[in-house]
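First up is the structure itself, then whatever we jot down about it.
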Amino acid sequence: MSKGKLQKFAEMETFKNVFQYPYGVISEVPFEMKGHWREQYFHNDNPIVLELGCGKGEYTVGLARVYPNINFIGVDIKGARIYTGAKQALEEGLDNVAFLRTSIEIIDRFFAKDEVQEIWLTFSDPQMKNVHKRLSSTFFLNRYRNFLIDGGLVHLKTDSNFLFTYTTYLVERNKLPLLFRTEDLYSNETNGVQASDFDERTKEILGIHTYYENQWIERGLNIKYMKFSLPTAGVLEEPEVEIELDDYRSFKRTKRSGKNKAF
């Protein structure tokens, strides 16, 4: 591990807005703040929104600036990434921001029933080879149901046509209420709505670009976005369709499979 990373990890140990619970830790020590995030950390009754796979936390911090009356928690396993957003939030005095360093596979160990109102999935790894690692798969949606309110919102923002198509089929198969969907978020017209007609808050949200998002935009890739609600009841099923793999290499990612299609 580089000296810079070691320094970041050491400094992050002092950050009051960072909670580090890798799998080995949570297996031995239960997370006592589960079900008590509002009273024990945020000290308010405001809604809680998670960004899963938050990377450097640009979206978590950006949303927290736009919505001071909402609590935001960025989740990622990479501590060196979280450091950037956590430090920025502290420097700006954003008390409605926290970061959780852990594996998203065990995310339901940190939040109690009905504790979270919304989830953001921003530029998640499409995991074209392994469906159980896709953050919008039934494997994860069933975990989200353990703490997301009934009908809570799930936002997906991605450059990956594969992940976007897969999630679209999943939403359709399970008849999940689809509230908004576009294959080109920053076009002049989105689903019949002129970008100039968006309200100011929506424009502010659309103006938040992550590090990876800027990479995709510079390469001329469309940014795709959808929003759907996740009811608690019902059995979720995977879509049984073939999906073309992404035909490009994402920034610092390689194709996960030599196949042309995946299920």
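Going by accessible area, probe 1.4 Å, with all protein chains left in place, what is the ranking of Arg101, Arg145, largest first?
So, going from the largest accessible area down, we get Arg101, Arg145.
Shape call for segment 42-157 from the C-alpha gyration tensor, a ≥ b ≥ c root eigenvalues: rounded (a/c under 1.5), prolate (a/b greater than b/c) or oblate?
Since a/c reaches 1.5 but b/c is at least a/b, the shape of segment 42-157 is classed as oblate.
Karplus couplings for segment 171-176 from phi (6.51 cos²θ - 1.76 cosθ + 1.60, θ = phi - 60°), rounded to Hz, Gly and Pro as x?
4, 5, 4, 9, 6, 6
When the helix-only estimate is applied to the chain (DSSP H runs of n ≥ 4, each -39,500 (n - 2.57), divided by the residue count), what is the mean residue ellipticity at 222 nm, nearest 500 deg cm²/dmol?
Rounded to the nearest 500, it is -8000 deg cm²/dmol.
Sum up the charges of everything whose Cβ sits under 15 Å from the Cβ of Ile104, counting Lys and Arg as +1 and Asp and Glu as -1, but leave Ile104 out.
+3
If you roll a 1.4 angstrom probe over the protein chains with everything in place, what fraction of the accessible area of segment 1-159 belongs to carbon and sulfur, to the nearest %?
About 49 percent, which is the carbon plus sulfur part of the accessible surface.
Hey, in the GNM for the chain with a 10 angstrom Cα cutoff, which one of Glu28, Glu118, Glu237 fluctuates hardest?
Glu28
Would you mind computing the Rg to Rh ratio of segment 3-81 from its alpha-carbon coordinates, Kirkwood style for Rh?
A ratio of 0.97.
How much solvent-accessible surface does Asp45 expose, in Å² to the nearest 10, with a 1.4 Å probe and all protein chains in place?
Result for Asp45: roughly 140 Å² accessible.
How much net charge surrounds Leu178 when only other residues with a Cβ under 11 Å from its Cβ are counted (Lys, Arg +1; Asp, Glu -1)?
+2
Give the accessible surface of the chain per residue, rounded to a whole number of Å², with probe radius 1.4 Å and ligands, DNA and RNA excluded.
49 Å²
The values are calculated or read from the model by the stated rules, or taken from the named source; none is laboratory data. Given the structure is predicted, the values throughout are model-derived calculations rather than measurements. In this analysis, Cβ positions are derived from the backbone assuming ideal geometry, glycine residues included, and neighbour counts consider all displayed protein chains. Ligands, DNA and RNA are excluded from the accessible area calculation, which covers all protein heavy atoms including side chains. Shrake-Rupley method; radii C 1.70, N 1.55, O 1.52, S 1.80 Å.
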